[in-house]
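Working notes, structure below.
Just so you know, all these numbers are worked out from the coordinates, no wet-lab data involved. Being a predicted model, the structure only gives us computed values, none of them experimental. Cβ sites come from the backbone with ideal geometry, for glycine too, and all protein chains shown count toward neighbours.
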Amino acid sequence: MTSKQKIKTYHFKSEWEEQYFFTEVKEDLLEFIKLKEQTTGYDLFCSFKNIISSEKIAISKMVGLTTDGAPAMVGRDKGPVGICRKDERFPQFLCYHCISHHEAICGHSLKLNNIMKLMVKIVNKIRAQTVQRRFFKTLADEIDCQYGELFFHSKVQRLRWGRVLKRFNDIITAIVQFFKQRDELMP
């Protein structure tokens, strides 16, 4: 699922350059598969293989496969990953276990606790009183903020930190203006 995209004009491009430097990778949901009765690794492998062939996707271009933690998925020999690795039609590929867990682990190793504590303090200060909350919502509407409401958190699950921080970042202008107009220092 790639599309060619010229980055710079060259008089001569080798096939290798064109394949690896002038390609944009796009990610998209292929399909939800409803399994009839069993969910063994082989059933999952067959469903995966059928979808790839029905969508005319070249297996040779497969670079990685991500699984979740379901018992049928993680089997080294009998799971779909193990079966794909044994099938000679599949190239060598990277295997990842549950991308959202990897994001959580990265967030944990980045020591985001201090950032999250500060963000929670700021949000709770704004939402502590109804008047302040209404004032913030009005201010956010005036400056055409994407969101006019803040999440109320005392503790945030690590798996949601990315979304919470993104939303906080999207409305940071309104937050700064809120504290400036009230002549208060941000926590």
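Candidates are the residues of region 166-181 that are β-branched (V, I, T) and farther than 15 Å from I115 by Cα; the one that is surrounded by the fewest Cβ atoms within 10 Å (Cβ to Cβ) is V176.
Number of residues in region 62-89 that are within 25 Å of the chain's Cα centre (by Cα) and either exposed (fewer than 10 other Cβ atoms within 10 Å of the Cβ) or of a type in the set (S, T, Y) (or both): the value is 5. For region 75-86, state whether one or more residues are over 23 Å from Q38 (Cβ atoms) and hydrophobic (A, V, I, L, M, F, W, C). Looking for residues that are over 23 Å from Q38 (Cβ atoms) and hydrophobic (A, V, I, L, M, F, W, C), one finds none in region 75-86, hence no.
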